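Shown next, in structure tokens, is the structure this report addresses.
The values are calculated or read from the model by the stated rules, or taken from the named source; none is laboratory data. Note that the structure is a prediction, hence the values are computed from the model and not measured. When we count neighbours, we look across all protein chains shown, and the Cβ atoms used for this are built from the backbone with ideal geometry, even at glycine. Ligands, DNA and RNA are excluded from the accessible area calculation, which covers all protein heavy atoms including side chains. Shrake-Rupley method; radii C 1.70, N 1.55, O 1.52, S 1.80 Å.
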Amino acid sequence: MNAHPVDERAPKLHHLRNLKSKCVLFVSPAGDITQKGYEKKRTKLIGAFFPQAPGMDPSMGQERRTPVTPSSSSRYHRRRSSGSRDERYRSDVHTEAVQAALAKHKERKMAVPMPSKRRSLVVQTSMDAYTPPDGEEEDGGGGGGTSSSREGSISMEHWISRAIHGTSSTTTTTSSTASSSSSSTRSGGSGAAGGRLADVLAQHVHISNHSAPPDVTGYTTTTDGIQVERAPGAGSTTQKQTPKYGNAELMETGDGVPVSSRVSAKIQQLVNTLKRPKRPPLREFFVDDFEELLEVQQPDPNQPKAEGAQMVAMRGEQLGVVTNWPPSLEAALQRWGTISPKAPCLTTMDTNGKPLYVLTYGKLWSRSVKVAYNLLHKLGTKQEPLVRPGDRVALVFPNNDPAAFMTAFYGCLLAEVVPVPIEVPLTRKDAGSQQIGFLLGSCGVTVALTSDACHKGLPKSPTGEIPQFKGWPKVLWFVTESKHLSKPPRDWFPHIKDANQDTAYIEYKTCKDGSVLGVTVMRIAMLTHCQALTQSCSYTEAETIVNVLDFKKDVGLWHAVLTSVMNMMHVISIPYALMKVNPLSWIQKVCQYKAKVACVKSRDMHWALVAHRDQRDVNLSSLRMLVVADGANPWSISSCDAFLNVFQTKGLKPEVICPCASSPEALTVAIRRPLEEGSTPPGRGVLSMQGLSHGVIRVDSEEKLSVLTLQDVGSVMPGAMMCVVKPEGVPQLCKTDEIGELCVCTVATGTSYYGLAGMTKNTFEVFPTSNNGAPISEFPFTRTGLLGFIGPAGLIFVAGKMDGLMVVGSRRHNADDIVATALAVEPMKFVYRGRIAVFSITVLHDERIVVVAEQRPDATEEDSFQWMSRVLQAIDGIHQVGVYCLALVTSNTLPKTPLGGIHLSETKQLFLEGALHPCNVLMCPHTCVTNLPKPRQKQPEIGPASVMVGNLVSGKRIAQASGRDLGQIEDNDQARKVCVREGLLFLFLSEVLQWRAQSTPDHILYTLLNSRGTIASSLTCVQLHKRAEKIAGMLAERGHLQDGDHVALVYPPGIDLIVAFYGCLYAGCVPITVRPPHPQNIGTTLPTVKMIVEVSRSVCVMTTQLISKLLRSKEATAAVDFRTWPPVLDTDDLPKKKPPLLYKPSNPDMLAYLDFSVSTTGMLAGVKMSHTATSAFCRSIKLQCELYPSREVAICLDPYCGLGFVLWCLCSVYSGHQSILIPPSELEVNPALWLSAVSQYKVRDTFCSYSVMELCTKGLGLQTDALKSRGLDLSRVRTCVVVAEERPRIALTQSFSKLFKDLGLHPRAVSTSFGCRVNLAICLQVRTLHGRTPLLTCLLCNGTSGPDPTTVFVDMRALRHDRVRLVERGSPHSLPLMESGKILPGVRIIIANPETKGPMGESHLGEIWVHSGHNASGYFTVYGDEALQSDHFSSRLSFGDTQTVWARTGYLGFLRRTELTDASGERHDALYVVGALEEAMELRGMRYHPIDIETSVIRTHKSITECAVFTWTNLLVVVVELDGSEQEALDLVPLVTNVVLEEHYLIVGVVVVVDIGVIPINSRGEKQRMHLRDGFLADQLDPIYVAYNM
């Protein structure tokens, strides 16, 4: 065979591997990715997917996979006694819905890539036998997603009659649900999901052993010639024979290499899952700035539409101003402080729940006055006070010190200074505090008030000063404790005015994107709000209120700091720290103080539920009102129900629970009033989730599967008017059955965002309009940021927040609803309640939903995957929306808000930056992304007759170009003159060497440097000739070789290789240069050497004594038996005598040498080089590079194949110049070796490979100054040519040029060359500098100079369609391409269509064909089957010039005529190489070049050092090398998936994260992607993590 898969890796890889083998395995502390992360991942992710084959021994695979036995999972059951059922967020309706949704998925047999079990372990779970608490039998496999058939006919009255249910009927006992849910774990994991997976696997299409991977882009699968049609709705496929999984059979890769089918079957399972029809196909498209058509979601004709009448604004009750209400809050404080100084105002608790301090109204008044006096008179000077009335000051108080906060707040009010309460900054880099700093800066804050304890706890610099926090303005810290303050003079009193339009305080609000705004509240608004709350809540003097909320903002501030003082109430404040220690503390305080009112959040009710068992004597009969601050949240209803359910027996009355709705802008929007005993219970609506996603209210009368149960939040506040407007566009009133944004018109709201006039106008000055466009009121309304509607009897229902809104495919989903669904999936076992973040990110012109949850430390990998897959199914079933990414992080790692919630914007930021460090990730781009461009349909090519006119094709100049003509150039070289004089034009290199040995015997041809930069050995013409003669003699004497025998030369880079080569030519043998095996990695490198020796039919091996010993060593014999080698001759001791006669070939077309190399696709191919081609090649390079005996050239290349071998071994002998040889392997020891040699020998031309350039860029990046000080000077370098067989790597060449510019390297000195198998060098750019020497000037006249290489920018999307479209630099989707060098003399190029073989027009993409005297004459094959590849070396165009014989390079590129001219005055034709045809990937009908995707991926994260992509069964596999901790491995999965989607419109199928050095690279620095693919499929990569995207 001519092509053999070979693993040819650069020595640096072996070096790395060697280092790796010595390293101790790192075990990560997180407990998620250990022992390379792989063993566990492999067992969980891949191994478990295959059912046991019938005939297999069950003990096999046991050590890999431990089944979950009832005993191992019963620990959950023991831990979770039935009473500790976590009831937060749980409404029975929702839990049932989730169960039903999952049951429905069971029917659809959804396969997800998660651990599953052997069939014997999967038993029926409780889910199948689940009976709802109401006692109705629920049909688990009901119809489609939601019922929308009857929606059109539902009238408003029908909705009203359906929407109001009693509260009590939906409550349930806790224990039944708990035991049923825990039993599913006992039955061996998720059971249902695993069973479904097994069923899916049983129905997979069988792939038999043919090497080409099947195409899975359509719905039709061809298997062994049988056509299997897949019905659009079918979930399974008929198959020919039962599939074998596990190791039951081997599969082959596309190259026919057998691999273990474990990975393949895993991928096949993924493929089959993806073949299931997704959502209904979409029809219309929009154009994305180019002919790329992205599908755009069209409105569903059956979607529900609003049908009600236009709503009418709803007025609240009259705000009845009571006669003794104070004219302002300060006046109230003064009244109580003087009339009832002993009345308790606030009692604070320590962390043991003991009263720490009681603040009376007298103390509050006197201390506030003191603070006010000191603020106004003791800061700054009398002439220049630091704080004046109206200035803003920050209030920085911890959550456990409400007394100090109240004192400071009222002190500011009395001083007419505006307080800005904020959180305590914990560290200098605290995420939220940076944004808060921006707010303080914009408010002009210069003073921060704080308590003594807090001041001491702030971070300090070594000098004891508080450092400036990130983003903060410079502030003066002012401690408000009385002992630090001066007493006001007796005659000083604060000026107490009636409430007016001045700003009272600024409350901060964190937006969806993490930015912080300040909402300004006027004094009159603050007072009116307190009055409205007093009236709504029927507050009376001296009532006791227990507050668990944050007293610095929102409901906590309004009730426990402001309204309480207005009514002289007594506040019992429970700090967050106490709640963490004792969740029941607030209930105990209600009992202890017989409190009438408590202000809590759902979380506090939930915590009390979990802990209530420990408490006997709880009595809540004193409570008349339990204010639920987040009662507007859709999932708070479950907490309220469950809390009432448990505590009703402890005296809690159902009518006491009062949910409220609030927002920073509109303050309290609505609150449920405490009802009289025995009156009708409040309402709740059971709404269709499908309707809600379209913004329409529909009662879900049919099924409980996809519903949202809402509780009302009471009615409009006293003195306010409310309406509902459309969330987008003009604020038009909604219809009665439409969801919109609630807007309120009242004095008691915020008035502006501080300093942001534009945003203020959009939020605080809204004029809602009716259908005819007329405003409904002359007064402005304020947007609340809440989505909802006004129901029957004027009850307000809130369905979500504007901030939590995610618009996916034109449907609206609320983050909170998705949280609730996720939590209804048996959450307690695996994740923490309340530690789930849901947000959307924009990828490819649509929002994509991301769910992040904190995982419990005792949850196993399998548990997590079970839970994740079921969450996906539940969200899909209930919301009909796909989750793009689901990530689990270790507990306590999500960024927190000050009161312990999740900091959502910060979490999103971490996710997007790749800094979240999840321990489990499940990406589902295949199910979510439905707006990809349509796969390209290739059009038939135009026939030749219509397009060919003279030298034009399709109206464009034919893309052809040529270098200078070899024959016509007069050569001034001494050698040429002598040749002409003697009438002898040498055809053979061996003759040239003999002639040089006679004419210039002592001229040095070669100098070899060692790693220290000193000369290891050198070679003159005569030395080379004499040693070559001895080798020829040895071949004849010891080897008994005949003319034309093949000899393998296995030498390290150096002089011996050159001597052996010419010795073979002298003896008439055909040399083959072979890279020696790597001593540290002999097991993988020696078989490659053996293969080349066998394939090349070498009759003997010449090598050094050292390598000869290595071949006989024990390690080598284990890999290749020494007896199988042909005779091995070591050339260290040469015989004295020389051969009688040196061989001269009879025909110049005879074989000179064989050039074997490994292509980038991992294929070994040898090409035949004749004596004619070899001489023509050397002559062409001599002319292009102006090589003469007086010149010196530095070469840092591998000397085994291609241009590297020609430059190392042949050119010096032909042209007579001195070659300074630098083996690339020496650079690993001394990276500066090559550049030091170039500087030391004052070299003008040097050649290197990309791997050498990369080594210098990375290894010397920080040492340029040191090198400069050592005198390293690159200013004499005229040309530094990178020898490559690929598209020029612009980024690398540019960074190299920039880096070494300081050492004198000319920015235009670096250029590239291009060669391939059929022609080892097609282009080679040599720059000629003007005016250096007189000699140069005469050379310029000779026409040797050429213009500098040009760079163009092409549209990457057009390139995928095989078109070239030039764009401006920096335009989107632009790809820079650098010219591959100037075409060599004697070379002609044409661009041809690879399919039709017709010529292409200029600037059209096609295959590069070449015609030249130094083309190789064909592939060398063992069986003589040249016919297979003859096409490569002797192709003819299908029309046009059909006579010329061309060689096909196998590379795509285009020619472009530039504005530049070369020395002859002709316009310069630039050749741009785009990529190899055999490497290009056909995906979705388009042609992708791996390097483009890899470049995008490498840019996404700093830890990705290298990337390689390949396809397997039409799935795109991305392998990334991670330079960082293994915790970062999973961060890369979403980033890689996002960037490939965004930039290339492709969905990544598999992401593999590996260690540095795993991606194989050949000696030229090219990635061997096919090797990598084989290694992946054979399970040999030892990856850190493998993610299978769904």
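Quick notes on this structure:
- With each label modelled as a point 7 angstrom along the Cα→C-beta vector, the E1094-R315 pair spans 9.8 nm.
- Rounded accessible area of M1150 (nearest 10 Å², 1.4 Å probe): 70
- The amide H of G800, built 1.01 Å from its N in the peptide plane, has L787 as neighbours under 5 Å, considering only residues 5 or more places off or on other chains.
- Rounded if a/c under 1.5, otherwise prolate or oblate - segment 998-1093, Cα gyration tensor axes: oblate
- Placing unit charges on each Cβ (+1 for Lys and Arg, -1 for Asp and Glu) gives segment 1093-1236 a dipole about its Cα centre, and among L1151, C1209, M1102 the Cα reaching farthest toward its positive end belongs to L1151.
- The phi torsions of segment 1272-1283, fed into the Karplus equation with coefficients 6.51, -1.76 and 1.60 and a -60° offset, translate into couplings of 6, 9, 10, 6, 7, 5, 8, 9, 10, 9, 8, 8 Hz, rounded to whole numbers, with Gly and Pro shown as x.
- Gyration tensor verdict on segment 494-595 (Cα atoms; rounded if a/c is under 1.5, prolate if a/b is larger than b/c, oblate otherwise): oblate
- When Rg and the Kirkwood Rh are both derived from Cα coordinates, the Rg/Rh ratio for segment 787-935 amounts to 0.98.
- Full extension of the chain segment joining C511 with D1582 gains 381.2 nm, where the gain is 0.36 nm per residue of separation less the Cα-Cα distance.
- Within the shell of other residues whose beta carbon sits under 9 angstrom from the beta carbon of G900, the net charge comes to +3, with Lys and Arg scored +1 and Asp and Glu -1.
- Neighbour net charge for L1437 - beta-carbon separation under 12 angstrom, K R +1, D E -1: +1
- For segment 838-850, putting each phi into the Karplus relation 6.51 cos²θ - 1.76 cosθ + 1.60 with θ = phi - 60° gives couplings of 10, 8, 10, 10, 8, 9, 6, 6, 8, 7, 10, 8, 10 Hz, in residue order, rounded to whole numbers and with x for Gly and Pro.
- Per-residue HN-Hα couplings for segment 1534-1547 [Karplus 6.51, -1.76, 1.60; θ = phi - 60°; Hz; x = Gly/Pro]: x, 5, 5, 4, 4, 5, 6, 5, 5, 9, 10, 6, 10, 9
- Rounded if a/c under 1.5, otherwise prolate or oblate - segment 408-516, Cα gyration tensor axes: oblate
- Sequence-separation-based contact order of segment 1529-1572, relative, with Cα cut under 8 Å and 6+ spacing, percent: 23
- Sorting 1033-1041, 1052-1060 by their mean Cβ neighbour count within 10 Å, with the most densely packed peptide first, gives 1052-1060, 1033-1041.
- In plain terms, the chain from K1137 to T649 could stretch by 164.3 nm, reckoned as 0.36 nm per residue minus the Cα-Cα distance.
- The convex hull of the Cα atoms of segment 1488-1589, projected and averaged over all directions, covers 5.9 nm².
- Taking Lys and Arg as +1 and Asp and Glu as -1, the other residues whose beta-carbon sits under 13 Å from that of F767 total 0.
- Once C-alpha pairs closer than 8 Å and six or more residues apart are averaged by separation and normalised to the residue number of segment 1048-1122, the relative contact order reads 37 percent.
- Normalising the average separation of contacting C-alpha pairs (under 8 angstrom, six or more residues apart) by the number of residues puts the relative contact order of segment 1239-1285 at 72 percent.
- Taking amide H as placed 1.01 Å from N in the peptide plane, Y1200 has its amide H under 5 Å from the amide H of F1205, each at least 5 places away in sequence or on another chain.
- Amide proton proximity set for Y1241, modelled H, under 5 Å, gap of 5+: none
- Highest to lowest packing among 1253-1266, 1076-1089, scored as the average C-beta count within 10 Å: 1076-1089, 1253-1266
- A simple packing score, the average count of other Cβ atoms within 10 Å per residue, orders the peptides 1549-1558, 556-565, 588-597 as 556-565, 1549-1558, 588-597, with the highest score first.
- Full-extension gain in nm, R388 to S1011, via 0.36 nm per residue minus C-alpha separation: 216.9 nm
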